[in-house]
Amino acid sequence: MESKNNGAHLHVDKLQKKFGDAIVLDDIELTIQPGEFIAIVGRSGCGKSTLLRLISGLEEATQGGVYLDENKIKGINLDTRFIFQEARLLPWRKIIDNVRIGAENKDKDIALKALKDVGLDDRANEWPSVLSGGQKQRVSLARALAGNAKLLLLDEPLGALDALTRIEMQQLIGNLWIEKGFTVILVTHDVSEAVALADRVILVEKGKITMDTKITLARPRERNNDFVYFERRILDRVMDKQTSTLPKEEYAI
Amino acid sequence: MINVNFKERSYWIGKIVPWIIPILILLAWIVFTGDGDISSKIFPKPSKVFDSFVQLAKSGELLDNIVISTERALSGFIVGGGIGFILGFINGLSRKAENLLDSTIQMIRNIPHLALIPLVILWFGIGQEAKLLLIALGVFFPIYLNTFHGIRSIEPQLIEMGKVYGLKGLPLFKEVILPGSLPSILVGIRQSLGIMWLTLIVAETVAADSGIGYMAMNARELMLMDIIVLSIIVYALLGKVSDIIAKILEHRLLRWHPNFKKS
């Protein structure tokens, strides 16, 4: 399926980030084409979320920089939308008003359309507290999409959802991406989720990119042998690093 | 059907139950003062209190005093509450301001504001300013503390979310900070309303030439027990009314809050 060219081009150039003396990310080099869907995987604490926050402008790089359509990112950029692990809806605003925060000029019709895209337009006038976790995350997706973002950053947005809701949400995100054509960077620790959604899967280990794999499966993706092959390969790569640090005796069979 | 009836019944029971104890007290009052068990010099009969209520209401004296007292209470509340609110916000939002101001405020907070009565009388006499100052001082602290606490307890994640969506300055304040701290601010308002009436009563009793407290003290000199009791009842009612207003305010402003969702 051909994506419309609404996405941003992204270039990460020799990026380094330190917190105090600790180097969290080092020498990160990454180019992402407009409309591409990238998944960043890695173990907890590898620096993948920090990379996402640097791209969003929530954090500042120690060295190097991130270029969005050739412009260096300095601070928050309204073409970039960030979806957090928690939905972060304002409990004191009706669902529609939460989505309006993301819409241009707080336009109600745009907000309503975005809610329709995630299938929650009939709940527009309710309080967020009545929604389930998955529904809340859908509202936060609508809020992010209401502004015609060119770059969508997802920081483990499905991590707190149950397995069935997660699959539903993956399909929703995939469909909206195909329809709107924005660039997506998804941070996840779920390799199968990465393979199900992404054009390219990037592995971050100890602050460095150690693998960059194109997923050449057709869409919509089915969990067939080829799918398992990619999943297996990436997963082995993720685990490999870990096992090689174990004492040698463990392997001596 | 049974379920509906049951719901309706429990609704009415809920409405009636709070009145049981006040009605029992009133009955006890009628019974014990009626046949001279308690001398009318110690406690007047309800009927006498009612008579003096009618009399004072007719002459307009009662209403005048209520208006004067309420005016004092509210103006002190607005001044003290307003300052507390603003300082609470400034200190809540800025660590530098907190560092500069908070320890001074906490020091003053530990002085019972009623201890300042002699000083205030010497400065302002028994005029309006004295009462306004005392009430403002009493009301200031609960509102300051709760506003401050309300801002500090807003989830930083929500503020970060606001920033991602380009909210800053006034819009960020309006969308996130003010509504987020409102539950706490309203707790402060309810607390300070109690302090407001308490301070007013003390101030009017100690030094005043008008108002309900003055009415009561005047009656004491003339041994008019019924008017003293009437003043106490008026205070109780005023306190109850302001509490009801605060409750309504809470229910209206915090509709989104799961705790206030029903009704």
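If you go through region B:1-50 one residue at a time, how many are among the acidic types (Asp, Glu) and at pLDDT 80 or above? Selection size over region B:1-50: 1. In summary, A:Gly102 fulfils each of the numbered conditions (1) surrounded by 14 or more Cβ atoms within 10 Å (Cβ to Cβ); (2) at pLDDT 90 or above; (3) within 12 Å of chain B (Cβ to nearest Cβ) with the single exception of condition (2).
Within the set A:Glu193, A:Glu168, the sole residue that is acidic (Asp, Glu), touching a residue at least 40 places away in the same chain (Cβ under 8 Å) and assigned to a helix (DSSP H, G or I) turns out to be A:Glu193.
Taking the options A:Glu156, A:Glu126, A:Glu86, name whichever one is among the acidic types (Asp, Glu) and within 9 Å of chain B (Cβ to nearest Cβ).
Answer to the check: A:Glu86.
Only one entry of B:Leu222, B:Leu238, B:Leu230 meets the criterion of being within 21 Å of B:Gly188 (Cα to Cα) and either more than 14 Å from every other protein chain (Cβ to nearest Cβ) or touching a residue at least 24 places away in the same chain (Cβ under 8 Å) (or both), and that entry is B:Leu238. Pairs linking a residue in region B:151-164 that is basic (Lys, Arg) to a residue that is part of a helix (DSSP H, G or I) and at pLDDT 90 or above, with Cβ atoms under 9 Å and 6 or more positions apart or on different chains, are B:Arg152/B:Gly92; B:Arg152/B:Ser181; B:Lys163/B:Leu172.
Residue under question is B:Leu222, and the condition is that it be in the same structural domain as B:Leu63 (by TED's automatic domain parsing) and closer than 27 Å to A:Trp92 by Cβ; does it hold? So B:Leu222 does not fit the description; no. For B:Asp243, the criteria (1) surrounded by fewer than 19 Cβ atoms within 10 Å (Cβ to Cβ); (2) in contact (Cβ under 8 Å) with a residue 24 or more places away in the chain; (3) within 14 Å of chain A (Cβ to nearest Cβ) hold in every case but one, which is (3).
Go through the residues of region B:190-198 one by one and say whether even a single one is under 30 Å from B:Leu158 (Cα atoms), within 14 Å of chain A (Cβ to nearest Cβ), in contact with a helix residue (DSSP H, G or I) (Cβ under 9 Å, 6 or more places away or on another chain) and buried (at least 17 other Cβ atoms within 10 Å of the Cβ).
To start, the set of residues in region B:190-198 that are under 30 Å from B:Leu158 (Cα atoms) comprises B:190-192.
Add one more test, that the residue is within 14 Å of chain A (Cβ to nearest Cβ), and what stays is none.
No.
Considering only residues of region A:51-73 that are farther than 12 Å from A:Asp13 by Cβ and away from chain B (no Cβ under 14 Å), which is surrounded by the most Cβ atoms within 10 Å (Cβ to Cβ)? Result: A:Leu51. Within region B:135-161, being within 14 Å of chain A (Cβ to nearest Cβ) and part of a helix (DSSP H, G or I) holds for B:Gly150, B:Pro156, B:Gln157, B:Leu158, B:Ile159, B:Glu160, B:Met161.
The values are calculated or read from the model by the stated rules, or taken from the named source; none is laboratory data. Bear in mind that the values here come from a model prediction, so they are computed numbers and not experimental data. Because the Cβ atoms are built from the backbone with ideal geometry, glycine has one as well, and the counts that use them run over all protein chains shown.
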